[in-house]
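K.L.:
One structure coming up, written as structure tokens, with questions to follow.
The values are calculated or read from the model by the stated rules, or taken from the named source; none is laboratory data. Predicted model only: the values in this text are computed from it and were never measured. Here the Cβ is made from the backbone with ideal geometry for all residues, glycine too, and neighbour counts use every protein chain on show. Remember, those area values only see protein heavy atoms, side chains included, never the ligands or the DNA or RNA. Shrake-Rupley method; radii C 1.70, N 1.55, O 1.52, S 1.80 Å.
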Amino acid sequence: MKKTSKNIFYFLLFLVIISLIPFKSIFEPKTNKVGLITIDYPIVSSSQFNEELDYLIDRGDINDIIIRLNTPGGGVASSQEIYSRIIAEKNKSNISFITSMESVAASGGYYIAIATYKIFANPGTITGSIGVIMEYPIIDELLETIGIEYKTVKSSSFKDSGSPFRDMTDEERIYFQELIDDLYNQFIEAVSVGREIPIEEVRDIANGKIYSGKQAQKIGLVDTLGSLNDVVEYIKLKNVYQNKIKLINMPKKENSIFDFIFNILSYKLEPSNLNYTLPQYLIVN
């Protein structure tokens, strides 16, 4: 009986050891790993990007990261945070960042691209739109029509600047224009440095216009015309890889029903930002 129990124990121990052996990695064809981060959403926060980048860096086996862009742009500070994070990682590691533009990589999306080592775009990609915009509706006449009066008590004349409940004053128009001009100058300076184009030449093309990938290449905004597959082939040739390349991205989290309910409650309870006027690096239709 004791011998039988002992045999069962060793058999179970054998099964545990076998289950810990990474057979998949042993028999899997050898590949070179390249990181992939996809930004296919309006840029309102840098959190998701930073989380994905941290995952790829912490793996320790990634030397190249493709930033796949399909975004119309977004918030000024959020775009700048992603741009700055890429620059910081380039300076302190051997990781090479390469941009692959899909359908749209405009305004804040383009701001991110100029932080990378090389920019690929499809001939029909929509890019550029270098500029800053801030807009909001004026609904005072509508409120007056339906009999709603809106009163404001403020500490200073600029505290409710951008309020949709009254028209903009001449003083506020100057104030906002100075703000937009400052953010615009930051943008074109970054383009000048990132693309190595004299700043006066950047000003000539940074007029809010969008460009096709083909047009953007001619004026120096992108380097090469090509798809994501072309970027992969470029990395393979650059590094003289003999094996196939495997694209690695952060695994998606499995959300439970409790996460779903919590997200709904958070959205309902979160204070609305609709009353705030924010500058955007955003392409506007």
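K.L.:
For segment 163-195 and segment 87-159, what is the separation of their Cα centres, given in Å?
P.N.:
The distance from the Cα centre of segment 163-195 to that of segment 87-159 comes to 12 Å.
K.L.:
Sticking with this structure for a sec: With +1 on each Lys and Arg Cβ and -1 on each Asp and Glu Cβ, and nothing else charged, work out how big the dipole of segment 102-201 is about its Cα centre, in Debye to the nearest 20.
P.N.:
440
K.L.:
Spin-label point model (7 Å from Cα, Cβ direction): what's the Asn50 to Thr224 distance in nm?
P.N.:
3.2
K.L.:
Using a 1.4 Å probe over the heavy atoms of the protein chains, calculate the carbon and sulfur portion of the accessible area of segment 150-237 as a whole percent.
P.N.:
50
K.L.:
For a quick size check, give me the Cα extents of segment 78-187 along its three principal axes, largest first, whole Å.
P.N.:
61, 33, 20
K.L.:
For segment 29-106, build the convex hull from the C-alpha positions and give me its volume per residue in Å³.
P.N.:
Roughly 93 Å³ of hull volume per residue.
K.L.:
Using a 1.4 angstrom probe on heavy atoms only, work out the carbon and sulfur share of the accessible area of segment 43-149 in %.
P.N.:
Numbers: 2150 of 4470 Å².
Heavy-atom surface of segment 43-149 belonging to carbon and sulfur, 1.4 Å probe: 48 percent.
K.L.:
Now for a separate question. Could you compute the FRET efficiency for Asp170 and Tyr41, with r as their C-beta to C-beta distance and R0 at 30 Å, rounded to 0.05? Intermediate results must be reported in sequence, preceding the final value.
P.N.:
Details: r = 37 Å, r/R0 = 1.24.
The value I calculate is 0.20.
K.L.:
Pop out the Kirkwood hydrodynamic radius of segment 15-164 from its pairwise C-alpha distances, inverse of mean 1/r, in Å to one decimal.
P.N.:
It works out to 18.9 Å.
K.L.:
Cβ under 11 Å from Ser192's Cβ, Ser192 left aside: what net charge do those residues give with Lys, Arg +1 and Asp, Glu -1?
P.N.:
-2
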